[in-house]
Structures are given as structure tokens and as C-alpha cells.
1. Please verify whether the stretch 194-213 includes one or more residues that are modelled with pLDDT under 95 and either assigned to a strand (DSSP E or B) or of a type in the set (K, R) (or both).
2. Sort out which residues of the stretch 95-108 are touching a Lys or Arg at 6+ places or on another chain (Cβ under 6 Å), more than 13 Å from ligand 2 (Cβ to nearest atom) and part of a strand (DSSP E or B), and write them in order of number.
3. Has the stretch 134-148 got any residue that is under 15 Å from the mean Cα position of the chain (by Cα), closer than 19 Å to Y81 by Cα and at pLDDT 95 or above?
4. So, in the stretch 74-87, how many residues would count as being in a strand (DSSP E or B) and among the acidic types (D, E)?
5. Would you confirm whether any residue within the stretch 162-173 is within 23 Å of E80 (Cβ to Cβ), in contact with a Phe, Trp or Tyr (Cβ under 7 Å, 6 or more places away or on another chain) and at pLDDT 95 or above?
6. Look at S71 and say whether it is surrounded by fewer than 19 Cβ atoms within 10 Å (Cβ to Cβ), assigned to a loop (DSSP other than H, G, I, E, B) and of a type outside the set (V, I, T).
7. Select from the stretch 26-59 the residues that are surrounded by 14 or more Cβ atoms within 10 Å (Cβ to Cβ), touching a strand residue (DSSP E or B) at 6+ places or on another chain (Cβ under 6 Å) and outside any strand (DSSP E or B) and list them in ascending order.
8. Criterion first (small (G, A, S), closer than 26 Å to R178 by Cα and touching a Leu at 6+ places or on another chain (Cβ under 9 Å)) does S66 satisfy it?
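The values are calculated or read from the model by the stated rules, or taken from the named source; none is laboratory data. As the structure is a computational prediction, the values presented were derived from the model and not from experiment. No Cβ is skipped: glycine too gets one built from the backbone with ideal geometry, and neighbour counts run over all protein chains shown.
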Amino acid sequence: MSNCDLICNAEYQVPVQVYNPPVSKWKSLKNRRLQNWGGIVHEKGLLPQELPPWLKKVTEKVSEESGLFPSTINHVLINEYLPDQGIMPHQDGPAYYPVVAILSLGSAAVMDFVPHPSLRTSPDTSGGGCEDNELNGVSDSGSDKWLNNHRPFSVVLMPRSLLIFKDDAYSSYLHGIRDSSIHQYDGAVNECEAVGPQPPSVSEEGDEAVSSGNGKCIHRTGTRISLTCRLVLKVHHKLFKF
Ligand SMILES: O=C(O)CCC(=O)C(=O)O
Ligand SMILES: [Fe+2]
């Protein structure tokens, strides 16, 4: 029996379209796999490919409802995480307009935000960069001090939730998901949303809320799918220009 008060193995509400493409569409990374939609993102911009209709529908809705994107969202990453998989603390690349919308489906997870190492007043313990622009070794020991009121925080990513972040959260923080099947959400900025009633389909599929012996945590027992929707402002329609 787990000590966690939220057991999450729901794989409901993941559109079939996610698993329709051939296996070759998935790019396997060390700790997750992903599908890239919308084209290839280069330093200098996007070599575009049209989004499939179902993703167009999703991104149009995100764009309309949020009013935060100056033009049509043209790039989507679909990340798939097994319960013990995550994504290292990183910042999204400079090619993107600095607003990101993340639609979460399947199992819940906690996203941790930590101020960029350049905002740390205590010694910098970050390692070198690795995959993409992820940074190794970023930790919050609790005793770290940060400039200008920056401090680490966490957000619970409940299934069917949409997280949009921009401005300081985009440019001054790294975001990541721990590669552990248990995520603490004590103190998360939206903690109350995590303890609220679960959608009926979750309990039908066997998820349960049990009282916790050691704090508030989510036991991830199922797959999580996220749709990371972004806009690349510079679009190159030709690979080479003569
Ligand atoms: O899966 C998530 O929620 C985060 C994905 C992400 O940060 C990214 O694709 O850059
Ligand atoms: Fe990211």
C-alpha cells in the first residue's frame, strides 16, 4: 500500500491520434519519447510542416482562449512519460516566442520551476548542458538564495489541465519533471487542485485517494502524455536561398 494520497494511473482522455502515427514518428530519448509536429526548429527559425488537423484544432483553441499568442501556434511536441520518467530542468530554446502552453493528459505529475543558476547568490552547482538545452545538477537544497525574490516553486499538472507560462517564468526559470514515480505536491502553487475530486473516469479506472502518512504526493502508475504548444516566429519556407 502506498503512502501517497493520490494514485494516478489514468490513461483516459489521450486522443487516439497520439498513437496513430507509425512507431518511427516517435523519437526515443533517454528518459521519454516524443513526437515532433509542425516542422524542424532551427536556431534561425522553423522549416515548417503543416500540423495535422486534430492538432490544429487543439492549438487554435489554445490560442483563441488564451489570447497570448501573437500568431498561429505552429509547433507541437508530444511527450510521453512512463511513471518513472521525467524531463531534466531546462529552458525552452530562443527560437520560440516566449509563451508555452502545455496540455496534460493521462497520469498526473508535478512540474518544478527553479530559478536560472545566474540568479543564484550561493555557489553555482549546475553542471554542463546536455540534451537540447537542459541543464544538469540544478538542485534546490532549501538553503539556496536567489536574486530579486526568485524562488523555486512547483505546479501540479493534473490530467486535462492546461499550463501556460511566460515572461519571468519562461525566461528566468528552468522547468523540469522528476524521473520518479512519486511526486510530492506539498506547497505546489495549485495544491488545492490536486486534492479536489477526481473526474469520474479516473475512479472508474481504479485510481484512488488514500490518506497519506508522509505528506502530499502523487503516485504515478500510468503513462503521461503532454502536448507542448509553441510558436516559432521566424518561418523559413525554403531550405536554401540563392
Ligand atoms: O511534458 C511536459 O509537461 C513538459 C515538456 C517540456 O518542457 C518541453 O517539451 O519543453
Ligand atoms: Fe520545456
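1. no
2. G106
3. no
4. So in the stretch 74-87, the residues in a strand (DSSP E or B) come out as 75-81, 87.
In the following step, the residues that additionally are among the acidic types (D, E) were identified as 80.
Total meeting the criteria: 1.
5. No: the stretch 162-173 contains no residue that is within 23 Å of E80 (Cβ to Cβ), in contact with a Phe, Trp or Tyr (Cβ under 7 Å, 6 or more places away or on another chain) and at pLDDT 95 or above.
6. Yes, satisfied.
7. Once the filter is applied, which keeps residues that are surrounded by 14 or more Cβ atoms within 10 Å (Cβ to Cβ), touching a strand residue (DSSP E or B) at 6+ places or on another chain (Cβ under 6 Å) and outside any strand (DSSP E or B), the stretch 26-59 yields W26, R32, G38, L51, L55, T59.
8. no
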